[in-house]
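Below you'll find the structure, written out as structure tokens, and then a few comments.
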Amino acid sequence: MPYVVTQSCCADASCVLACPVNCIHPAPGEPGFAETEMLYVDPATCVDCGACATACPADAIKPHTALTPAEQPFLALNAEYYDAFPHPDRTPVAQVPPQRRLRRSRPLRFAVVGSGPAGMYAADELLKHPEVSVDVLDRLPTPYGLVRAGVAPDHQRTKQVARLFEAIERERGFGYLLGVEVGRDLTHDELACHYDGVVYAVGAAHDRRLGIEGEELVGSLSATDLVGWYNGHPDRQDLRVPLDHERAVVVGAGNVALDVARILTADPDALARTDIAALPWAELGRSRVREVVVLGRRGPEDAAFTLPELVGLAAIDDLDVRVDTGGVPVTGTSAKARLLREIAARPPRPGRRRLVLRFRTTPTRIVGADAVAGVEVTRDGVREVIECGLVLRAIGYHGAPVPGLPYDAETGTVPNDRGRVRPGVYVVGWAKRGPTGFIGTNKTCAQETVERVLDDADAELLPAPTRDRDDLATLLEERAVVPIDAEGWRAIDEEERRRGRARGRPRLKIVDPAELRRVAREAVAPSRYSAARRRRQKRG
Ligand SMILES: Cc1cc2nc3c(=O)[nH]c(=O)nc-3n(C[C@H](O)[C@H](O)[C@H](O)COP(=O)(O)OP(=O)(O)OC[C@H]3O[C@@H](n4cnc5c(N)ncnc54)[C@H](O)[C@@H]3O)c2cc1C
Ligand SMILES: NC(=O)c1ccc[n+]([C@@H]2O[C@H](COP(=O)([O-])OP(=O)(O)OC[C@H]3O[C@@H](n4cnc5c(N)ncnc54)[C@H](OP(=O)(O)O)[C@@H]3O)[C@@H](O)[C@H]2O)c1
Ligand code: SF4
Ligand code: SF4
């Protein structure tokens, strides 16, 4: 009974070290690990111990007898990897690199700016050193970046990676300063003088523009905004999403395009069992959208979405998924090409909502007087207008500059050498590499960055802090910024889960920053108020 890796794998490789017979690949350090869409269990050598399933933060590994019908294709997918890449060497991967120790032991204090996967993995790597303490800052009152505000609500198993982050929060030396934005509430220099080093993990929150006529029309939106809207991002709750036309068009053929297309065509009753934000859920329940057309400018073989996501999409029972290549056969022998051919050959399933993967189609203009009425596209030199009331560009994310840090406007990243910007300043995640990769990709990325931090600590290159944590608290207090700490976040988390339980949902997100702060504040022990009072008295 082999275990099988399924759709929610985010490639963080926690399972690899757990496996006693080294049958999960590609493993970190092996060719293909950096690019892999998921990991695979070798069914020929799996001894069915279940250790990997316990280690997996995203509940992605199951015994094959527990696979749902929708997950069945993953059985063959795991096995086929080993047809292509046999791994005859079964030496256990216990070749864990020896734990690096700092050359001179002294207390070190770091700030990590951004609490998405990259920030949390970086904090975890730093806290492996007993000398180190870490404060994780985030501009939002809640942590976890795109795991909370990006990963689609119908991917609840993926969101469970948050359990791993909760374990990191419990590590000795970990602290949160949530609701503090670097660049708004304090400058880089004001932050940096309190720490031995600052690691920026600020992601890439902006959208990219198509640069075509009509992009400013009402109903032409970025997927970035829509994703934040349905995930309860406090900044995106005022978004106006016209859902009164039967068709919507999504430009781009990546995983984000599939996410938004799935949510727009999802059964509202199924969404009701997720952590989707309340207002968007209600609006989607009233939606008249029956068809979403996803536009890929290249051929199906070149689609940016990944195979596990396509497998998941193809298995949605109440959705009529179509492949439209304009009559050109889908070529290629990859598993993705084979599945696209299989979907293209399916008979239509009228009566269901429809999701069309339309390839080799480039948008040239968004048409409409005040609001979107359609998208003009070309394929093989032929122009046509696809009528619709909503156009979403899902053509990738882009990082914004951080005041006080260098910036490469082309890539939207902070220029760096394997994570080092300069001694004392580091970068990790999408802000370092650009907006690609899975949640787990940020773990390897964080390991690389933290290596640079440790190199600089060993070389005595880190600027010593000139102020302490109390000074930082005072500075923020003077600016009327009240950070939410780990205890405050736990109170928010518990309250959201409590509200969710009452409605049969994993959580009901609180989206109003003032309410988030109130819930956190009410949980703060009175002793902390006295500490703040003492600080005020100290200042006179
Ligand atoms: C829509 C979407 C869905 C995805 N779904 C999946 C999935 O299902 N599975 C998967 O494996 N991967 C998924 N990914 C990819 C994954 O989310 C990313 O690889 C990962 O989140 C990048 O991590 P990060 O920490 O670099 O950035 P982010 O997750 O964006 O975190 C950045 C954090 O920095 C904070 N911040 C920004 N600026 C400041 C500032 N000035 N001061 C303080 N804080 C600041 C932000 O509030 C945010 O919390 C998805 C990506 C997107 C866009
Ligand atoms: N479930 C998951 O695991 C999951 C979910 C969401 C996101 N993610 C990850 O997050 C990262 C970001 O995803 P993403 O979907 O934003 O980006 P992406 O994977 O880079 O896809 C962007 C898409 O937009 C297209 N595009 C770019 N510019 C365009 C233009 N001017 N006109 C038309 N099309 C254009 C690209 O086409 P070309 O290929 O032709 O350039 C591509 O199809 C990816 O690594 C993704 O895998 C993972
Ligand atoms: S069940 Fe055991 S042997 Fe099989 S992949 Fe998981 S850890 Fe390895
Ligand atoms: S999410 Fe991580 S632990 Fe789970 S199967 Fe994928 S690589 Fe392994």
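Within segment 198-212, residues that are under 24 Å from Gln447 (Cβ atoms) have Cβ atoms under 8 Å from residues that are open to solvent by 30 Å² or more (accessible area, probe 1.4 Å) and within 16 Å of ligand 4 (Cβ to nearest atom) in these pairs: Gly203/Leu146, counting only partners at least 6 apart in sequence or on another chain.
Conditions (1) more than 20 Å from Ala122 (Cα to Cα); (2) more than 16 Å from ligand 3 (Cβ to nearest atom); (3) of a type outside the set (Lys, Arg), marked per residue:
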{"position": "Pro143", "(1), (2), (3)": "no, yes, yes"}
{"position": "Arg148", "(1), (2), (3)": "no, yes, no"}
{"position": "Gln156", "(1), (2), (3)": "yes, yes, yes"}
{"position": "Phe165", "(1), (2), (3)": "no, yes, yes"}
{"position": "Arg170", "(1), (2), (3)": "no, yes, no"}
{"position": "Leu177", "(1), (2), (3)": "no, yes, yes"}
{"position": "Arg184", "(1), (2), (3)": "yes, yes, no"}
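Residues in segment 239-270 that are outside any loop (DSSP other than H, G, I, E, B) and within 16 Å of ligand 1 (Cβ to nearest atom): Val250, Val251, Asn255, Val256, Ala257, Leu258, Asp259, Val260, Ala261, Arg262, Ile263, Leu264. Under the condition of being surrounded by fewer than 23 Cβ atoms within 10 Å (Cβ to Cβ) and outside any helix (DSSP H, G or I), the residues counted in segment 223-238 number 2. So which residues in segment 43-64 are more than 19 Å from Val311 (Cβ to Cβ) and away from ligand 2 (no atom under 16 Å from the Cβ)? Once the filter is applied, which keeps residues that are more than 19 Å from Val311 (Cβ to Cβ) and away from ligand 2 (no atom under 16 Å from the Cβ), segment 43-64 yields Ala44, Thr45, Cys46, Val47, Asp48, Cys49, Gly50, Ala51, Cys52, Ala53, Thr54, Ala55. Restricting attention to segment 419-434, the residues that are in a loop (DSSP other than H, G, I, E, B) and either crowded, with 24+ Cβ neighbours inside 10 Å or away from ligand 1 (no atom under 16 Å from the Cβ) (or both) add up to 5.
Entry remark, segment 366-409: residues being under 31 Å from the mean Cα position of the chain (by Cα) and part of a loop (DSSP other than H, G, I, E, B) number 16 in total.
Taking segment 435-528 as the region of interest, the helices (runs of 4 or more DSSP H) fully inside it that hold 2 or more residues being β-branched (Val, Ile, Thr) and crowded, with 17+ Cβ neighbours inside 10 Å are 441-458.
Do we find that Val113 is among the β-branched types (Val, Ile, Thr) and either open to solvent by less than 60 Å² (accessible area, probe 1.4 Å) or modelled with pLDDT of 95 or more (or both) in this structure? Yes: the conditions hold for Val113.
If you check Pro406 against the conditions, is it within 20 Å of Thr187 (Cβ to Cβ) and either away from ligand 3 (no atom under 16 Å from the Cβ) or open to solvent by 60 Å² or more (accessible area, probe 1.4 Å) (or both)? Quick ask: steps written out before the conclusion?
On the way: within 20 Å of Thr187 (Cβ to Cβ): yes; either away from ligand 3 (no atom under 16 Å from the Cβ) or open to solvent by 60 Å² or more (accessible area, probe 1.4 Å) (or both): yes.
In short, yes.
Among the candidates Leu339, Leu271, the residue that is in contact with a Pro (Cβ under 9 Å, 6 or more places away or on another chain), modelled with pLDDT of 95 or more, aliphatic (A, V, I, L, M) and open to solvent by 20 Å² or more (accessible area, probe 1.4 Å) is uniquely Leu339. Filtering Pro363, Pro308 for residues that are within 16 Å of ligand 4 (Cβ to nearest atom) and either part of a strand (DSSP E or B) or touching a residue at least 40 places away in the same chain (Cβ under 8 Å) (or both) leaves a single hit, Pro308.
Only one entry in Ala162, Ala205, Ala167, Ala152 is within 11 Å of ligand 1 (Cβ to nearest atom) and open to solvent by 10 Å² or more (accessible area, probe 1.4 Å), namely Ala205.
Tell me, which residue of segment 1-14 that is near ligand 4 (Cβ under 6 Å from one of its atoms) and modelled with pLDDT of 95 or more is most open to solvent (accessible area, probe 1.4 Å)? Of everything passing the filter in segment 1-14, Cys9 is most open to solvent (accessible area, probe 1.4 Å).
The values are calculated or read from the model by the stated rules, or taken from the named source; none is laboratory data. On a predicted model such as this, the values are computed, not experimentally measured, just so you know. So basically every Cβ, Gly included, is an ideal-geometry build from the backbone, and we count neighbours across all protein chains shown. What goes into the accessible areas is simple: the full protein's heavy atoms, side chains included, and nothing from ligands, DNA or RNA. Shrake-Rupley method; radii C 1.70, N 1.55, O 1.52, S 1.80 Å.
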